[in-house]
Amino acid sequence: MTPENWSPNSWRALPAVQAPPYDNEGAVREATATLAELPPLVTSWEIERLKALLGEAQEGKRFVLQGGDCAETVADCRSDAIASKLKILLQMSLVLVHGLRRPVVRIGRFAGQYAKPRSKAFETRNIDGREVTLPSYFGDLVNRAGFTEEDRRPNPMNLVAGYQHAALTLNFVRALVDGGFADLHHPEQWDLAFTREAALSTELRAEYERMSQNLSDGMHLMEALGEARIEELTRVEFFTSHEGLNLAYESALTREVPRRPGHYNLSTHMPWIGERTRAVDGAHLEFFRGLRNPIGVKLGPTATADDVEQLIATLNPDDEPGRLTFITRMGAGKVAGELPRLIEAVGSRRVLWVCDPMHGNTHSTKSGIKTRSFDAILEDLERTQDVHSSAGTWLGGVHFELTGEDVTECVGGAAGLSEEELAGNYVSPCDPRLNYQQSLELAFLLARRMRKNP
Ligand code: PEP
Ligand code: CO
């Protein structure tokens, strides 16, 4: 089960891009030795369960909703932020279940999404007329987002703090999932203000109202069937995922377990490899190939058919169901030109196709604020779905950067958030996220479209 010449540390012999610039390797070793003694965050049976569900999604029987912050922060490990993130994901998933007539697998980008790849190792800002250059922010697992020398110094103890906050987050998520969500099954109590925006066409407004009415009716009908039945029908399962970027952290939490062959990365259910770290001869691929987890790989517009070939050969040589998810992030304008050849390269082998409509659609405003437009995100999704439809493949999921809070980071949506309004509540230390209303609106639009063209 463990591939030849592989161990949780075999990646160390290979070039690791995006490795944090630590200045004290001894302290990194101490931190990872501490992590290696701590209990796992998830279990191998949960991981196998998710892999089985993803296998069904590959066959078109389920749909995946994956979402959360671009960069989770330790400061955001608060009950309201966690509960609202869970709430928006659950509400979106119910809208999608309704539209797609299929069960939805819910996967958070949370409880460990603390490591960020950066295009530049250093950042320069003008502070009081003086140019100041400091290391970039690499996520809370490495340093902090504030722009001081102390904040930006990579601190190995953040590896342990990241683990602890992932554990606190997951503990609360598990408690909420076990008991606190009954009220969310009542769409009439959701904040559906966006459906009443004057900017929407009368037709679309009527359709939203119809959909939320149908959702409510469906839930009430299920409830009328009796307690046990609604429990069964709306049982909520959440899984976790994050980018497996910091291999010192990931390998310290990769273990063998009793009575199951192979190694599991027990820091999360589904780690993924980012666009910048998927080199076929790099350290990340080497590490991921030996894991038993289901894994994702981001594919941007520069991915080639040969990359796809080698990724499959390295990561899923046995064509195991549920094992490999390709998360495509092309950008609205590039989907039609770049996606078909990747689909062709995969051929009849098993992968789950998920669309990340966020990372190919980031731009800066004239005043230098990083944003994304709701329309570009929707267009990316629609074009991706069109390409899959004509290729005869199933778009089995979506991957969003979102929050349940009322932030102003992406422009557009029914409420018409403008560039001028971005400064109002821009909180993300990294990429711009959809806010509550934009997220729910996208779920409605996607459900409506997928219902029409399944
Ligand atoms: C991300 O998911 O935040 C990210 C960095 O994506 P990508 O690897 O696709 O650029
Ligand atoms: Co991002």
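Shape call for segment 371-435 from the C-alpha gyration tensor, a ≥ b ≥ c root eigenvalues: rounded (a/c under 1.5), prolate (a/b greater than b/c) or oblate? Please report the intermediate quantities before stating the final value.
On the way: a/c = 3.35, a/b = 2.24, b/c = 1.50.
Verdict is prolate for segment 371-435.
I need the Debye-formula profile for segment 290-444: one equal scatterer per C-alpha, no solvent, reported as log10 I(q)/I(0) at q = 0.11 1/Å, two decimals.
-0.47
Can you compute the FRET efficiency between Lys366 and Asn171 using 1/(1 + (r/R0)^6), with r the Cβ-Cβ distance and R0 = 41 Å? Round to the nearest 0.05.
0.40
Counting other Cβ atoms within 10 Å, keep those with at most 14, restrict to DSSP loop, and tell me which trypsin sites (Lys or Arg not before Pro) in segment 1-65 are left.
For trypsin sites (Lys or Arg not before Pro) across segment 1-65 that sit outside H, G, I, E and B with at most 14 neighbouring Cβ atoms in 10 Å, the list reads Lys61.
Which helices pass in the chain if a helix is a full DSSP H run, must span at least 24 angstrom along its long axis by Cα, and must have mean Kyte-Doolittle hydropathy not below 1.0?
Working: long enough: 79-100 (31 Å, 1.13); 157-179 (34 Å, 0.66); 202-224 (33 Å, -0.87); 374-391 (26 Å, -0.46); 436-452 (25 Å, -0.38).
The answer, listed by residue number, is 79-100.
How big is segment 20-123 by Rg and Dmax over its Cα atoms, in Å?
That works out to 17.9, 53 Å for Rg and Dmax.
Would you kindly calculate the mean projected area, averaged across all directions, of the convex hull enclosing the Cα atoms of the chain, in square nanometres?
Approximately 21.8 nm², given one-decimal rounding.
Tell me, what is the FRET efficiency for Thr314 and Ala27 to the nearest 0.05, using R0 = 30 angstrom and their Cβ-Cβ distance as r?
0.40
Using the alpha carbons of segment 314-375, what is the convex hull volume per residue in cubic angstrom, as a whole number?
Each residue corresponds to 110 Å³ of Cα convex hull volume.
Probe radius 1.4 Å, ligands and nucleic acids ignored: give me the carbon and sulfur share of the accessible area of the chain as a rounded percent.
Numbers: 9280 of 18800 Å².
Answer for the chain is 49 percent, counting heavy atoms of protein chains only.
Under Stokes-Einstein, with the Kirkwood radius over Cα pairs standing in for Rh, what whole-number D in µm²/s applies to segment 68-220 at 37 °C and 0.692 mPa s?
177
Multiplying the sequence separation of Thr202 and Ala13 by 0.36 nm and subtracting their Cα-Cα distance, what value in nm do you get?
Values: separation 189, 0.36 × 189 = 68.04 nm, distance 6.09 nm.
So the extension gain works out to 61.9 nm.
Under a Cβ-Cβ cut-off of 15 Å, what is the net charge of the residues other than Met1 that fall near it, where Lys and Arg count +1 and Asp and Glu count -1?
Working: positive: Lys51, Arg255, Arg259, Arg260, Arg289, Arg292, Arg323; negative: Glu4, Glu48, Glu256, Asp318, Glu320.
Here the charged neighbours net out to +2.
Sorting check: for 145-152, 208-215, 161-168, which peptide has the highest mean count of neighbouring beta carbons within 10 Å, and how do the rest follow?
161-168, 208-215, 145-152
Compute all pairwise cysteine Cβ distances in the chain, then list the cysteines with no distance under 4.7 Å to another cysteine.
Cys77, Cys355, Cys410
The values are calculated or read from the model by the stated rules, or taken from the named source; none is laboratory data. The shown structure was predicted, so the numbers you read here are calculated from the model rather than taken from an experiment. Quick reminder, even Gly has a Cβ in these numbers, built from the backbone with ideal geometry, and neighbours come from all protein chains shown. Surface areas here come from the heavy atoms of the whole protein model, side chains and all, with no ligands, DNA or RNA. Shrake-Rupley method; radii C 1.70, N 1.55, O 1.52, S 1.80 Å.
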